[in-house]
Amino acid sequence: MASSAVADSFTSRDEAKKAKALQEARAAGTAAPETDAATGKMINPHNPQFITAAPWYLNQSKPSLKHQQAWNLKTPGSKDWYKRGTKGDIKTKFLKGACSNCGAMTHQVKECMERPRKVKAEHDGKNLMPDEHIESLELDYEGKRDRWNGFQPDDYREVIEEWEKVEGERRKVKAAEMEERAKLKERLKAQKRALKKKRKQRRRQLRRQAEGKDGEGTDTGDSEGGTDSDTDTDTDSDSDASDDEDLGEKMKDFDKTTATTAAKDDKLRTTTRNLRIREDTAKYLLNLDVNSAFYDPKSRSMRDNPLKHLKEEDQGSFRGDNFVRNAGDAKHLAELTVFAWDAYKHGEKVHDTAQPTQALKMWQVFKERSKNLKETQQAELLEKYGGGGDLEGPK
């Protein structure tokens with residue numbers, strides 16, 4: 001018990017009986033439990049004696065569970081972080097035990113983060129660096145695992161400013177591109193209006209020539225020289241316009257049966273035909289009878305032949321998933337696997353997956369020997385009992 005924790009004190013028989021009866025009464029709830037002298041809390045009366053009894057060398061006379069606490073328990077740390085920078089002390093001479101490269105007392109030369117000097121600080125004693133802040137923080141469980149512990153928002157301000165500069169430059173470039181695009185659009189509109197005006201003048205001139213009239217005085221601002229000099233350009237522009245119109249009509253007809261495939265660049269947009277093949281009928285649509293082959297929608301498999309009630313030539317190419325498994329070399333592969341299993345049971349070191357070439361060669365040799373053995377047995381039986389002519393069919 002905690003009240004009789006001191007082991008070197010003598011206890012009589014009557015006192016021991018009284019203490020035992022008191023402990024039983026406390027466990028039964030008829031007596032008040034003991035109170036911890038250190039914390040003032042109640043001591044559980046159901047605790048065993050090896051927990052409540054303190055060691056003799058602690059000289060603990062009052063009931064307490066203080067001896068159960070860890071003697072080297074560290075106090076939980078705070079949210080503080082390591083102090084950065086240096087102390088700012090000014091040194092006039094090199095001190096013994098300091099870093100031979102920079103002269104700081106808080107680290108050695110192999111831990112120095114400064115550029116290796118040509119003449120060490122221990123030799124010339126000049127430009128001695130101040131000491132860094134060395135702290136030993138006793139962080140608690142949450143402090144060790146807090147990823148934001150020690151975060152300084154001022155350091156991130158540089159990143160924000162850098163991105164703001166980048167965003168500002170990007171907006172300037174975009175504004176310049178938009179302005180250039182607007183100018184180009186206006187220039188193209190002006191060229192289009194001028195071309196339209198020339199076409200109208202050319203059509204009016206051709207119409208008057210066809211009516212037998214002279215082209216003089218068609219427009220007050222035009223002269224004969226101007227019309228003659230612009231004849232070639234007008235003809236070229238008319239031919240280009242007609243070609244563009246023909247191309248537009250062709251593209252309209254082509255778009256009815258084609259789809260546009262998008263590219264990364266709008267200038268590289270290509271028009272191709274729809275790549276999806278709709279000729280193959282889905283397997284579950286081959287036979288709509290509910291009593292036909294079962295189709296599993298989860299695995300998309302139809303193992304049985306949905307058209308097995310038709311003739312051989314009318315069944316088509318798809319005859320069930322199991323038909324593919326038994327076609328081609330699948331049957332030979334299954335026979336090779338069974339042969340490898342049987343050979344391994346009889347003591348042969350063969351494996352169809354680890355050594356496929358060896359297994360295939362052994363299987364071929366086995367089939368050849370089996371065929372020769374069968375022919376030899378048949379020849380021996382014919383030689384012994386005769387009847388070779390009966391094996392031949394009637395002529």
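Just a few scattered comments:
- Given K87/K126; K345/K367; K93/K120; K110/K144; K20/K62; K18/K62, the pairs whose alpha carbons are separated by over 20 Å: K110/K144
- Cα-based convex hull volume of the range 55-138 per residue, rounded to whole Å³: 182 Å³
- Once the Cα-Cα distance is subtracted from the 0.36 nm per residue extended length, the N372 to K66 segment shows a gain of 100.8 nm.
- The C-alpha radius of gyration of the range 23-162, expressed as a fraction of 2.2 N^0.38 Å, stands at 1.93.
- When the surface is traced with a 1.4 Å probe over the full set of protein chains, I51 keeps roughly 50 Å² accessible.
- Each distinct pair of alpha carbons in the range 127-211 adds a 1/r term; the inverse of their mean, the Kirkwood radius, is 20.9 Å.
- Annotation note: GluC sites (Glu not before Pro) in the range 93-163 located in DSSP loop regions with a Cβ neighbour count of at most 12 within 10 Å are E135, E138.
- The three principal axes of the Cα atoms in the range 306-395 give end-to-end lengths of 54, 49, 18 Å, sorted in falling order.
The values are calculated or read from the model by the stated rules, or taken from the named source; none is laboratory data. Predicted, not measured: the structure shown is a model, and the values here were computed from it. With ideal geometry, Cβ positions are generated from the backbone for all residues, glycine too; neighbour counts draw on all protein chains shown. Note: areas computed on protein heavy atoms with side chains; ligands, DNA, RNA excluded. Shrake-Rupley method; radii C 1.70, N 1.55, O 1.52, S 1.80 Å.
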